[in-house]
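S.K.: This is the structure, below, for whatever I ask next.
The values are calculated or read from the model by the stated rules, or taken from the named source; none is laboratory data. Bear in mind the structure is a predicted one, so any value in this text is a computation, not a measurement. Heads up, the Cβs are rebuilt from the backbone with ideal geometry, glycines too, and the neighbour counts pull from every protein chain shown.
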Amino acid sequence: MLLSSPMRKALTILLAAILSIGCHADDRPNVIIFLADDLGYGDLSIYGAKQISTPNIDRLADEGIRLTSFYAQPICGPSRAALLTGAYPLRVAEPGNKKHPNTIPHAKEVLLPEVLQSAGYRTAIIGKWHLAGEGEKAWEFAPPPSPLPDHPGGLGPFKPELMPNQQGFEIFFGTPMHNGISREVDNRRFTIELMRNGQVIESPTDNNLLTSKYTKEAISFLRSEDNRPFFLLLSYNAPHTPLGVHPDFEGKSQKGRYGDAVEELDFSVGEITKALDLAGKADNTLIVFLSDNGPETRTVLGSDIGSTGHFRGGKYSNWEGGVRVPAIWWWPDRIPADKSINALTTIMDIYPTLAHLTGAALPDQEMDGHNILPLLREPDSADSPYDVYYYHMLTQLQAVRVGEWKLVLPRVKDSPYLLWLGRYMDTVAAPELYNLHLDPEETEDLARTRPDIVDQLMKEASKARVDLGDIHTIGRRARFFDAGPRRPDTYFVNTTNN
């Protein structure tokens, strides 16, 4: 008998629960993921920031491992989808077989909190979700139409099956989307709503108080007398624009309001690690701190932008500054302290690594991430688990990396395949080749002097198109759960590779 997709998903989660029964909760770590929004590679002191002070996050790095070649996706939604599915966003199924600018994982995708919950973990997300679409009263593309509509962006209702409580999180406290589309808060254009589980509790909420509210909620979660191991995704809206800063932190940094927001974020990390200590849970808690993509670098935002360090590009781009982000792993006495690893790792690795650590069985669902625990435990001897890495923007393959070599593929600005994100692209007329070990700033194009490497990486790009797809191609192993055409919203799709 053929099983429906919901039944298959239920059986997958049940199997994970059965396989994890042999693990003892006392032996398994608690997990906290701090996920900053639009924080740049160069915005932490430990990564070179001079005008922003981040002593609490720096302490995690001093006592843990700093990953210096860690990749996320170039925008928010795809990064969150990659984290929670362990897969390239182009592989992930979405409702109606579409590909949205900010990925919407199909309800039948088995997300990380679902397998952890089935393994006996208490699960919570505090902060930004942004994986359920735009809401019924919002427009899909920015900027909003003129004149302004009756209902601004950001408002629900959102489909319950796409929200956290039906995707493996017992607790949700935060915003269903991001916190705005303009430099300053403008409720005529976008309303920031605060939710607890399925209910809106503040509409609009005060953007300046979100970081402090999330921190208080997280501390309350840590003080719970529930003895189960826990998984907490603390998904801050900061420092995404419009910048929210508590009055106590205004003017604290040397980098204006942006720096104030980052320093408040750092303070919050310190408060939560203190609470973890007081709860007696620090010794067996793994903390991961990272950003979802590179920082805003648009001049229209004035000084309210982050730093990519020495990398090229920024948010929306697949230059290194858009996708290489700060990433710190802290786990006392389980992984070495004060280490830096330059091996390529990615946000997709978090899912399989946590499944391994917690005894949760991986679902029957293809992943692209790897268990990087061997690398974390032996940072001086282990290599990257990636033979090849692909850089995408929506459905477009934009670059390929093998070892130290990165091939940037031709593209055009304002491509219709990139929807409204096309305005943030630059044109690349011909393939460009960079040695990231010698030239991480991507300043010296070696395509003409190393045609052998160009040919090698072009072959890898062809493999990616067959497997995952590209703007004209549907990948053979991309997932689609609904009836009807695949990627019906994509221009000129070639379906020969279905």
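S.K.: Residues in segment 234-243: is at least one farther than 18 Å from residue 38 by Cα, surrounded by 20 or more Cβ atoms within 10 Å (Cβ to Cβ) and out of contact with any Phe, Trp or Tyr (no Cβ under 7 Å at 6 or more places or on another chain)?
M.R.: So far as segment 234-243 goes, no, none of its residues is farther than 18 Å from residue 38 by Cα, surrounded by 20 or more Cβ atoms within 10 Å (Cβ to Cβ) and out of contact with any Phe, Trp or Tyr (no Cβ under 7 Å at 6 or more places or on another chain).
S.K.: Does residue 314 fit the bill of being under 30 Å from residue 424 (Cα atoms), assigned by TED's automatic domain parsing to the domain that holds residue 105 and not in a loop (DSSP other than H, G, I, E, B)?
M.R.: So residue 314 does not fit the description; no.
S.K.: Would you point out the residue of segment 383-414, among those that are part of a loop (DSSP other than H, G, I, E, B) and among the hydroxyl-bearing types (Ser, Thr, Tyr), that is nearest to residue 426 (Cα to Cα)?
M.R.: This residue is 395.
S.K.: Filter segment 429-439 down to residues that are surrounded by 18 or more Cβ atoms within 10 Å (Cβ to Cβ) and not in a loop (DSSP other than H, G, I, E, B), then give me how many there are.
M.R.: Residues that pass the stated criteria total 3.
S.K.: On to the next question. Just one of the numbered conditions (1) surrounded by fewer than 23 Cβ atoms within 10 Å (Cβ to Cβ); (2) not in a loop (DSSP other than H, G, I, E, B) is not true of residue 79; which one?
M.R.: Condition (1) is where residue 79 drops out.
S.K.: Continuing with the same structure: Within the bounds of segment 447-467, is there any residue that is at pLDDT below 95 and either on the phi < 0 side of the Ramachandran plot or in a helix (DSSP H, G or I) (or both)?
M.R.: Scanning segment 447-467 turns up no residue that is at pLDDT below 95 and either on the phi < 0 side of the Ramachandran plot or in a helix (DSSP H, G or I) (or both).
S.K.: Of a type in the set (Ser, Thr, Tyr), more than 13 Å from residue 288 (Cα to Cα) and surrounded by 18 or more Cβ atoms within 10 Å (Cβ to Cβ): is that true of residue 358 in this structure?
M.R.: In short, yes.
S.K.: OK, next. Considering (1) at pLDDT 95 or above; (2) under 28 Å from residue 299 (Cα atoms); (3) under 20 Å from the mean Cα position of the chain (by Cα), say which one residue 208 fails and leave the rest.
M.R.: (3) is the only condition that residue 208 fails.
S.K.: Next question, about the same structure. Consider residue 96 carefully, then state whether it is modelled with pLDDT under 90, at positive phi and surrounded by fewer than 23 Cβ atoms within 10 Å (Cβ to Cβ).
M.R.: Judged against the criteria, residue 96 is not a match.
S.K.: In segment 354-382, how many are outside any loop (DSSP other than H, G, I, E, B) and out of contact with any strand residue (DSSP E or B) (no Cβ under 9 Å at 6 or more places or on another chain)?
M.R.: 5
S.K.: Of the conditions (1) touching a strand residue (DSSP E or B) at 6+ places or on another chain (Cβ under 9 Å); (2) more than 17 Å from residue 350 (Cβ to Cβ); (3) in a helix (DSSP H, G or I), residue 96 clears all except one; give me its number.
M.R.: The failed condition is (1).
S.K.: Can you tell which of 120, 133, 127 is at pLDDT below 95, assigned by TED's automatic domain parsing to the domain that holds residue 363 and either in contact with a helix residue (DSSP H, G or I) (Cβ under 9 Å, 6 or more places away or on another chain) or of a type in the set (Phe, Trp, Tyr) (or both)?
M.R.: Answer to the selection: 133.
S.K.: From the residues in segment 193-202 that are modelled with pLDDT of 95 or more and part of a loop (DSSP other than H, G, I, E, B), which one is surrounded by the most Cβ atoms within 10 Å (Cβ to Cβ)?
M.R.: 193
S.K.: Checking the condition among the charged types (D, E, K, R), assigned by TED's automatic domain parsing to the domain that holds residue 53 and either in contact with a strand residue (DSSP E or B) (Cβ under 6 Å, 6 or more places away or on another chain) or in contact (Cβ under 8 Å) with a residue 24 or more places away in the chain (or both), which residue from 277, 266 passes?
M.R.: Criteria check complete, one pass: 266.
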